[in-house]
1. Can you tell me which residues in the stretch 268-286 are in a loop (DSSP other than H, G, I, E, B) and either free of Cβ contacts under 8 Å to residues at least 12 places away in the same chain or farther than 16 Å from Gln330 by Cβ (or both)?
2. Quick one: is Ser387 in a loop (DSSP other than H, G, I, E, B), hydroxyl-bearing (Ser, Thr, Tyr) and at pLDDT 95 or above?
3. Of all residues in the stretch 279-313 being under 22 Å from Val201 (Cα atoms) and of a type in the set (Gly, Ala, Ser), which is modelled with the lowest pLDDT?
4. So which of Leu233, Leu194, Leu265, Leu296 ends up being without any contact (Cβ under 8 Å) to a residue 40 or more places away in the chain and under 30 Å from Ser91 (Cβ atoms)?
5. For the stretch 276-292, how many residues meet the condition of being farther than 17 Å from Phe336 by Cβ and touching a Pro at 6+ places or on another chain (Cβ under 6 Å)?
6. Does Pro374 fit the bill of being crowded, with 16+ Cβ neighbours inside 10 Å, touching a strand residue (DSSP E or B) at 6+ places or on another chain (Cβ under 6 Å) and part of a loop (DSSP other than H, G, I, E, B)?
7. Quick test of your reading of the structure: Lys82 fulfils all but one of (1) assigned to a strand (DSSP E or B); (2) touching a residue at least 24 places away in the same chain (Cβ under 8 Å); (3) under 19 Å from the mean Cα position of the chain (by Cα); (4) farther than 19 Å from Met204 by Cα. Name the failing condition by number.
8. Condition check: outside any strand (DSSP E or B) and either surrounded by 17 or more Cβ atoms within 10 Å (Cβ to Cβ) or at pLDDT 95 or above (or both). Does Ala69 satisfy that?
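The values are calculated or read from the model by the stated rules, or taken from the named source; none is laboratory data. What you are looking at is a predicted structure, and each value in this text was computed from that prediction instead of being measured. Cβ coordinates were reconstructed from backbone atoms using ideal geometry, including for glycine residues, and neighbour counts include every protein chain displayed.
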Amino acid sequence: MHFPSTLSLAVPLALAAVAFASSIVPPPTAQGKADEKLPLGTITKKEWGEVDGKPVHLWTLRNGKGMEAEITDYGTIVVSLKVADAKSVYSDVVLGRSSVKEYVERTQYFGCTAGRCANRIALGKFTLDGKEYTLATNNAPNHLHGGTKGFDKVVWNGESAMTARGPSVTFTYRSKDGEEGYPGNVDVKVVYTLSQMDELVVQMSATTDAPTCVNLAHHTYWNLAGHGSGDILGHMLQINARNYTPVDATLITTGAIAPVAGTPLDFTIMKAIGQDFAKLPATKDDPGGYDHNFVLDKTPVGDRMWLSAILHEPKSGRTMEVWSNQPGIQFYTGNFLDGIPGKDGAVYQKNGALCLETQAFPDSINKQGKAGWPNVVLKPGETYSHSMVHRFRANGPG
């Protein structure tokens, strides 16, 4: 197995990341312009149906190397992402559905922006400035990913542009005061860019006219062998986190921050996802597997990003680095996939993909002021900013 020279399987990621930089820095694309020798790529747009009486579109972004993304303004969903393997064969490495109608019927949060508050809020309640707010308990007994009709289930406004980094599409949406129970009007922007360095860059921001809770997450399901190729238990994973946030029986964080050492959650040294899978068995209410928030070792500052995770698929040789400016990352192994029909006739079974969702910690709104927990309250005059880069390369046997 062949890995980038900056990393070693035998070295904890928290130490290996020093090879990238001695301090918190953005990945190289954010520091310079794209390779001027390559064409910037192309952007196409087509009609893709209708939701809630609004037209839905599908954008196809293609960079100068041949990497291609399809993205829709319904939920800002990444419908497909074609990435080269070690033999320069392109495959779609994200789970998705064949039409917008199928996404409406059942999204499974494939490739979307989850919000206004991603992940779970205990019992669908939080208190802000002395007032209690009640949200939908769409993941009983808790609130999940923004509620019954979160950001993943609305039509956004989209505009494409060719930038110095590559083809890009910007989505905007106004979440009105009271939507899904949240206070304040919130203006949200999500920008996807396909860089010349084979990166999917995602930049999310938001402003508000009243104090509210904002914690957005990008929710793509990854399978680097190809979206219909079977389970992801053979993928190799490394997460730059020595701690995680334990949860109760309903998957709500307890408020503790605990070490991963000596548990199946220790990914500080790269290992196969399936290596300790049996130590996370199914229970009456939980199908088993990973669905945990990891506390990243390096606390990001502003928009400057830190290497958060590295995923490698041995057969294809594909490697994905995840960089972000967020304090946490949710690692989820598709435990609730149950034979949902996908693209190209694929059927997605349990553990057929994984998610690496950079974010603030789940239920942070109910743990404000607690040591080590991030602030998820957005106030007027402030800007929420969440940046991430998914950088791809391919090497090894392929």
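1. Residues satisfying the conditions are Thr268, Ile269, Met270, Gly274, Gln275, Asp276, Pro281, Ala282, Thr283, Lys284, Asp285.
2. On the way: in a loop (DSSP other than H, G, I, E, B): no; hydroxyl-bearing (Ser, Thr, Tyr): yes; at pLDDT 95 or above: yes.
No, not satisfied.
3. Selected residue: Gly302.
4. Numbers: Leu233 fails: without any contact (Cβ under 8 Å) to a residue 40 or more places away in the chain; Leu194 fails: without any contact (Cβ under 8 Å) to a residue 40 or more places away in the chain; Leu296 fails: without any contact (Cβ under 8 Å) to a residue 40 or more places away in the chain.
Just one listed residue meets the conditions, Leu265.
5. Our first condition is that a residue be farther than 17 Å from Phe336 by Cβ; within the stretch 276-292, this holds for 276, 278-279.
Imposing the further condition that a residue be touching a Pro at 6+ places or on another chain (Cβ under 6 Å) reduces the set to 276, 279.
Of the residues in the stretch 276-292, 2 are farther than 17 Å from Phe336 by Cβ and touching a Pro at 6+ places or on another chain (Cβ under 6 Å).
6. Numbers: crowded, with 16+ Cβ neighbours inside 10 Å: yes; touching a strand residue (DSSP E or B) at 6+ places or on another chain (Cβ under 6 Å): no; part of a loop (DSSP other than H, G, I, E, B): yes.
Judged against the criteria, Pro374 is not a match.
7. If we test Lys82 against (1) assigned to a strand (DSSP E or B); (2) touching a residue at least 24 places away in the same chain (Cβ under 8 Å); (3) under 19 Å from the mean Cα position of the chain (by Cα); (4) farther than 19 Å from Met204 by Cα, just (2) comes out false.
8. Values: outside any strand (DSSP E or B): no; either surrounded by 17 or more Cβ atoms within 10 Å (Cβ to Cβ) or at pLDDT 95 or above (or both): yes.
Taking the combined requirement at face value, the residue does not satisfy it.
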